[in-house]
Structures are given as C-alpha cells and as structure tokens.
Amino acid sequence: MNEPSHSTSDCQAGWYRSFVMGVGVYVATLIPIVAGVVAGFELLTPNRDIPYGKDSLLLRFAAWDGGQFMDIMDNGYQYQQNQISNIVLFPGYPILGQLVRKSTGLSSAASLLLVSHICLMVTLVFYHRMMRLRFGRDDLADVSLMALALLPTTFFWRMAYSESAFVMLEVLFLYGMQRKWSCERLAVIVGVATSFRLVGLAMLLPVAMEFVGRNRTETNRLSATQLGKGGLVVVLSLSGLAGFMLFLCLRFGDPLVFARGQESYFLRPPVSALDHWYRLVTFEPIWATYVPGSDCYWRRHAPTPGPLLNLQFWNPIWFSLTCGLLFWGWFRRILTDTESVLGAALLLIPYLGRAEEFCMGCQARYATAAIPAMMVLGQLFSGMPATMRAGFVMAGVSLLTLYSAMFAAWYFIL
C-alpha cells in the first residue's frame, strides 16, 4: 500500500528517520567489513600473487574485479582474444571513479571505494524510505533495512565493485515507481543502470508494463503521441548500453566485444550451444555443483576445504532461496506484478548469461541485487521472534567479517 498523504512536517520527519536509519546501519555494518579486511591483510597469507605494484591495505578492498576497474581508470579498455580482458566490465562505475579522482586527487582505489560507499549510503536511506512507503510501517522498514545490510554477500557492496552503484539505481527506480514518477524519468534511471551492468536491462520490462498500464485505453490502442512517448522511453532505457556499444564500435570495431570477452571467463570448458542450453534448462549448473566427479563440483574451485566459507558451495543455494522468496512474494501478493517481473529478470539474466560456464559462480552476489526478493525477505524477517532475529544478526556479522577477510586475502570467493 502507499503511504497516505501527510503534512510537510510529517514527510520531513519520515525522511529524517530514513536518513538516520540508513546512515546508522551503514556505519554499524561497516565495522565487520573493515575488521575483516584488516584481518585478511594482516593475518592471512594471500592465496595468489597480488597483481599490483605495491601491496597495501587499501588495495585489498580492490581485489579481483576491483583491480580491473582500476586498470580501466588508469589505462583504458583493453581486449585481446582468448585472454582475460577488462572489456567485460561496463563503464559507469569507472567513470564515476574518474570524476572523483579528478576532483579530489585521490588514488584510483580510494576513488572507487568512495563511490561505492556513497552509493551504499544513498541506497540504504532510499531503501528504508521505499519500504516505509510500500508497506506503511516504520518497524518493518527498520528491520528490513538491517536484514538487507547484513546479508553476507553484500560485503561486495563495500568493496571496489560496481554493485552498490547498480543497487542504488535499482532502489531509486523502485522508489520512483512508488512515487509515480513519469515513465521518461524512470527510463533515464534504467539507461544509467545499463551503463553499469548489462542486467540493468531487467528494469526495461517494468517500465514497459508501467507505460502500457498508464496509457491503456478501451480499445487497447496507443495514439501516435503515446507511441512516440513509448519510443522515447525505450531509447532512454537503452541509452547507457547503446553509448557503451558505440564506444566499443569506434574503439575496437565491434560493438559486441564486451560479450566476446566473456568467452575467456569460465570454470569449465565450453560446450556446444545445444549442450549449453540443455544444461541451463535442466538446471544442471545448480545440482552438478554437489555431484563429485562433475566439472562443476564445488571442491574443484574451493578456497577452503569446508563448505561454510565457500561461496562455490553456497552460490546455488543462495540463488535458489532467492527464487523461492520471489515466488512467495508474488504468490502471496506481497509484491506487485512489476516488482515480481523485475526480480525475475534480475535473476534470469545472470543465470542464462553466466551460470553454465561459470558453474553458478557469482550467482549469490547477483541474486542479492534482486531487491524485490530482498523486500520479501525483509517482511519475513520482521515477523520473526526477536531472539531468532538476533541469531541471524550475529550470523550475518560473522559472515560479513569472514568473507571480507577471505576476499582481502585474494581467496577464490566469487
């Protein structure tokens, strides 16, 4: 339900509460992250050679993809066939990093981290406000915010990764849907999101549904003016991706080179197109993770001998649980149709795009970005007894710390 109309003072009080809660939760959940990175830097032996000139605590926040984003800022986009290249990463995040670096003089790593943490604070503030508007309860918004911020895989949101910026745009999009922003305004957000991650295309479906719903007539036909506005909405929604593809066409002569670069990122050898899609349709990447002898068996890519701290073990489970949350939210009408479609697209695009060859790698962190499912989780979390919630909080803090330590030590935790 939407929040009933209130006076200006009530609205200001609501925003004040959201600001205090968002910033407070950000600060509180930053503590285990910093503790984990410090522990990984000081206590753990790096699991591989550090691919930087001079190692430092700051650079440990920029492991794995963070180093690739830094390389884009320092040396631009590179692509060599059959080699791992930074061409697979979208430009929105390093562009923001460049703007911060030029305006502050900070290093590439520090600039990227500043972008991530500012975006995360904005995300948490707007998420709290959105949940208050969506469900009309302050207590639910408070608890939902804590549940979101303590999810173990959100440690990526505090690193030099584009996750927090993308999630911020997604939350702003959902907030805008609540406030009935114009479709053109929503489309601008979608366009910006597609410059950060390809999965931003998932937001195009809810925009289209919203546009059709607002312009529905008795004859179900759109006028020429409405068709023109619809075309503008599509163009704006695709602007970020189109701009990146134009750059790639001019720079490399191939607008799809970002997709071809993905061919060098795999955990098992490529197969025929028929076998590839058969595996996806039969959910083979999910169940094969737990089959000894399979080339996707989690122990083949294990940073630790046990399953608890191994995301290769947990990726299919997190993905499946998120799908379950989304289905439950749709079935119980906790989510609207547009929210359900958005969540489904945010899960389906990464699954179809990378799950087979990457053995479900990264699917847990991708699934965490499916905010509609996290909204359902927040509502379920708010209905738990306080003692049970306290147990989940302790588990969340512990895993945030441990995952951050392993990430900082360059363990294979993706």
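Residues checked against (1) under 22 Å from the mean Cα position of the chain (by Cα); (2) assigned to a helix (DSSP H, G or I); (3) more than 30 Å from residue 394 (Cβ to Cβ); (4) modelled with pLDDT of 95 or more:
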{"position": "6", "(1), (2), (3), (4)": "no, no, yes, no"}
{"position": "9", "(1), (2), (3), (4)": "no, yes, yes, no"}
{"position": "13", "(1), (2), (3), (4)": "no, yes, yes, no"}
{"position": "20", "(1), (2), (3), (4)": "no, yes, no, yes"}
{"position": "23", "(1), (2), (3), (4)": "yes, yes, no, yes"}
{"position": "44", "(1), (2), (3), (4)": "no, no, no, no"}
{"position": "47", "(1), (2), (3), (4)": "no, no, no, no"}
{"position": "52", "(1), (2), (3), (4)": "no, no, yes, no"}
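Does residue 388 satisfy the criteria of being over 17 Å from the mean Cα position of the chain (by Cα), assigned to a loop (DSSP other than H, G, I, E, B), under 24 Å from residue 334 (Cα atoms) and not small (Gly, Ala, Ser)? When the stated conditions are applied, residue 388 does not pass them. Count, please, the residues in the range 264-298 that happen to be assigned to a helix (DSSP H, G or I) and at pLDDT 90 or above. So the answer is 17. Selection of the range 22-38 for residues being over 25 Å from residue 55 (Cα atoms) and open to solvent by less than 50 Å² (accessible area, probe 1.4 Å) yields 22, 23, 24, 25, 26, 29. Of all residues in the range 189-229, those that are over 22 Å from residue 336 (Cα atoms) and assigned to a helix (DSSP H, G or I) total 9. If you check 222, 204 for being in contact with a Gly (Cβ under 8 Å, 6 or more places away or on another chain) and either surrounded by fewer than 16 Cβ atoms within 10 Å (Cβ to Cβ) or among the aliphatic types (A, V, I, L, M) (or both), only one passes: 222. In this structure, residue 346 does not satisfy being closer than 19 Å to residue 278 by Cα, within 20 Å of the chain's Cα centre (by Cα), at pLDDT 95 or above and assigned to a helix (DSSP H, G or I). Filtering 227, 250, 246, 274 for residues that are open to solvent by 80 Å² or more (accessible area, probe 1.4 Å), among the aliphatic types (A, V, I, L, M), closer than 19 Å to residue 93 by Cα and free of Cβ contacts under 8 Å to residues at least 24 places away in the same chain leaves a single hit, 246.
Checking residue 74 against (1) of a type outside the set (Val, Ile, Thr); (2) closer than 30 Å to residue 133 by Cβ; (3) surrounded by fewer than 15 Cβ atoms within 10 Å (Cβ to Cβ): exactly one of these is not met. Which one? Here residue 74 clears every test but (2). If you go through the range 95-137 and keep only what is open to solvent by less than 30 Å² (accessible area, probe 1.4 Å) and among the hydroxyl-bearing types (Ser, Thr, Tyr), you end up with 108, 111, 116, 123, 127. Among the residues of the range 288-316, write down those that are open to solvent by 30 Å² or more (accessible area, probe 1.4 Å), among the hydrophobic types (A, V, I, L, M, F, W, C) and touching a residue at least 24 places away in the same chain (Cβ under 8 Å). Those that are open to solvent by 30 Å² or more (accessible area, probe 1.4 Å), among the hydrophobic types (A, V, I, L, M, F, W, C) and touching a residue at least 24 places away in the same chain (Cβ under 8 Å): 302, 309, 313, 314.
Tell me, yes or no, whether the range 39-61 has at least one residue that is closer than 27 Å to residue 264 by Cα, out of contact with any Gly (no Cβ under 9 Å at 6 or more places or on another chain), surrounded by 20 or more Cβ atoms within 10 Å (Cβ to Cβ) and in contact (Cβ under 8 Å) with a residue 24 or more places away in the chain. Scanning the range 39-61 turns up at least one residue that is closer than 27 Å to residue 264 by Cα, out of contact with any Gly (no Cβ under 9 Å at 6 or more places or on another chain), surrounded by 20 or more Cβ atoms within 10 Å (Cβ to Cβ) and in contact (Cβ under 8 Å) with a residue 24 or more places away in the chain.
The values are calculated or read from the model by the stated rules, or taken from the named source; none is laboratory data. The model shown is predicted, which means the values in this text are computed figures rather than measured ones. Here the Cβ is made from the backbone with ideal geometry for all residues, glycine too, and neighbour counts use every protein chain on show. Note: areas computed on protein heavy atoms with side chains; ligands, DNA, RNA excluded. Shrake-Rupley method; radii C 1.70, N 1.55, O 1.52, S 1.80 Å.
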